[in-house]
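Please read the structure below before turning to the comments.
Please treat every number below as a calculation from the coordinates, not as lab data. A quick note: this is a predicted structure, and the numbers were derived from the prediction, not measured. Cβ atoms come from the backbone with ideal geometry, glycine included; neighbour counts cover every protein chain shown.
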């Protein structure tokens, strides 16, 4: 990757981080996780370990600012990352793969972490709006980035 494209990656990360924090402050709940959508695309693109580490750190910082716990997203980020690195070597990666990774992360966050570890009860409306909102953000990101 060239120097300009690396700078653009960092710029996208910072812009999406501030976008997520601003939206969660406005709505008083986190409905759109655009940084997590960007992470799902970054796993399937040629990205360095340093850039991926900074992206994970920004996701952890975002969750700390919203929920007050720093390391909980590691419960789904690390296994998903290891799974994707192994799957990229063994399988043909289809364009639907980032969507499946995003939905797996959201399922763990909404169905395991929030109710059992943070004791946040999620309504059906909140869960569906979070799924649909993030899928729409993922579609908008797919216009800019290609997972291959």
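Working from Cα pairs under 8 Å separated by at least six residues, relative contact order for the chain is 31 percent.
Students often check this: by mean Cβ neighbours within 10 Å, which of 93-106, 72-85 ranks highest, and how do the rest follow?
Working: 93-106: 17.3, 72-85: 15.6.
Packing proxy ranking, top to bottom: 93-106, 72-85.
For residue 50 and residue 22 in one chain, what is 0.36 nm times their gap in residues minus the Cα-Cα distance, to one decimal in nm?
Details: separation 28, 0.36 × 28 = 10.08 nm, distance 2.56 nm.
Extra length available between residue 50 and residue 22 comes to 7.5 nm.
Simple spin-label estimate for residue 139 and residue 103 gives 1.4 nm between the two label positions (7 Å along the Cα-to-Cβ direction from each Cα).
With a Förster radius of 30 Å applied to the beta-carbon distance between residue 121 and residue 96, the computed FRET efficiency rounds to 0.45.
Suppose the chain between residue 65 and residue 82 were pulled fully straight at 0.36 nm per residue; how much longer would it get relative to their current alpha carbon spacing?
On the way: separation 17, 0.36 × 17 = 6.12 nm, distance 2.58 nm.
Gain in length upon complete extension: 3.5 nm.
From the alpha carbon centroid of segment 89-112 to that of segment 25-40 is 16 Å.
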